[in-house]
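Trainee: This is the structure, below, for whatever I ask next.
Nothing in this text is a laboratory measurement; each read-out follows from the coordinates by a stated rule. Everything quoted here is computed from the prediction, not taken from an experiment. Every residue, glycine among them, receives a Cβ derived from its backbone with ideal geometry; neighbour counts consider all protein chains shown.
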Amino acid sequence: MIKVKCASCGSDMDCPPSMESAPVHICASCFENQPPELDTIPSGRAHIEIDPRSLVEPPKGTLMGREDEYFDILYPIEKIIANYYWQNPNLKDRDVIKVLKSLTSNMEIRAWHSLRNELWLMVDEIAKKNGRTDREIRMCYKYVLASVKRHHAVGGQRGYLDFIVEYLEGKG
Ligand SMILES: [Zn+2]
């Protein structure tokens, strides 16, 4: 392992030799918490440190590897975000992260955003029709949130949004 510095907080982090040439390194804690400084880091192929805890125990209550079972909720969530972005090109990954965070917690409407409203109303209706529980809906939001964070770290300001638009176009 080589020592490198996190581009956001500046703390030392380990880097496998294969990732040494990445233009940007982001530590596990910044990746998880998404501090505002992350926005100022230019786009590019970032190396994201893997949280050592995630290697010891698989994350509980995630639907990693079971995406197909939850397609009926995951698809509308991503579709609504993509449509919203299409109508509001000023939207940034950071806005989506905030909205999804507020939807994954039990907190009542604190971070009001019209995207949050759209998701909340439309996804809830679809999910209830399919007999999904609130817990399942939250798990789906968490899953999408993790995906937004990943693409944001690698692709910059709109890394996720540009990815999802392209991805959904490919699916037709
Ligand atoms: Zn950091």
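Trainee: Cα to Cα, under 14 Å, and not fewer than 8 places away if on the same chain: which aspartates and glutamates meet these conditions relative to K5?
Mentor: Reachable aspartates and glutamates: D14, E20, E49.
Trainee: Cross-link candidates for K129: which aspartates and glutamates have Cα within less than 15 Å, leaving aside residues fewer than 8 places away along the same chain?
Mentor: D72
Trainee: Considering only DSSP states other than H, G, I, E and B, which GluC sites (Glu not before Pro) in segment 61-167 qualify as loop sites with at most 12 other Cβ atoms within 10 Å?
Mentor: On the way: sites: E67, E69, E78, E108, E118, E125, E136, E166; in loops: E108.
Loop-located and lightly packed - E108.
Trainee: With a Förster radius of 35 Å, plug the Cβ-Cβ distance of T40 and K129 into 1/(1 + (r/R0)^6) and report the FRET value to the nearest 0.05.
Mentor: 0.25
Trainee: Could you give the length gained by full extension between S11 and L121, i.e. 0.36 nm per residue of separation minus their alpha carbon distance, to one decimal place?
Mentor: That works out to 35.5 nm of additional length.
Trainee: What does the charge add up to near C15, with Lys and Arg as +1, Asp and Glu as -1, over the other residues with Cβ less than 14 Å from its Cβ? Show your work: numbers first, answer last.
Mentor: Numbers: positive: K3, K5, R45; negative: D12, D14, E20, E49.
Residues near C15 contribute -1 overall.
Trainee: Given the DSSP H assignment, sum -39500 (n - 2.57) over each helix run of at least 4 residues in the chain and divide by its residue total; what's the result at 222 nm in deg cm²/dmol, nearest 500?
Mentor: Roughly -17000 deg cm²/dmol at 222 nm, from the helical runs in the chain.
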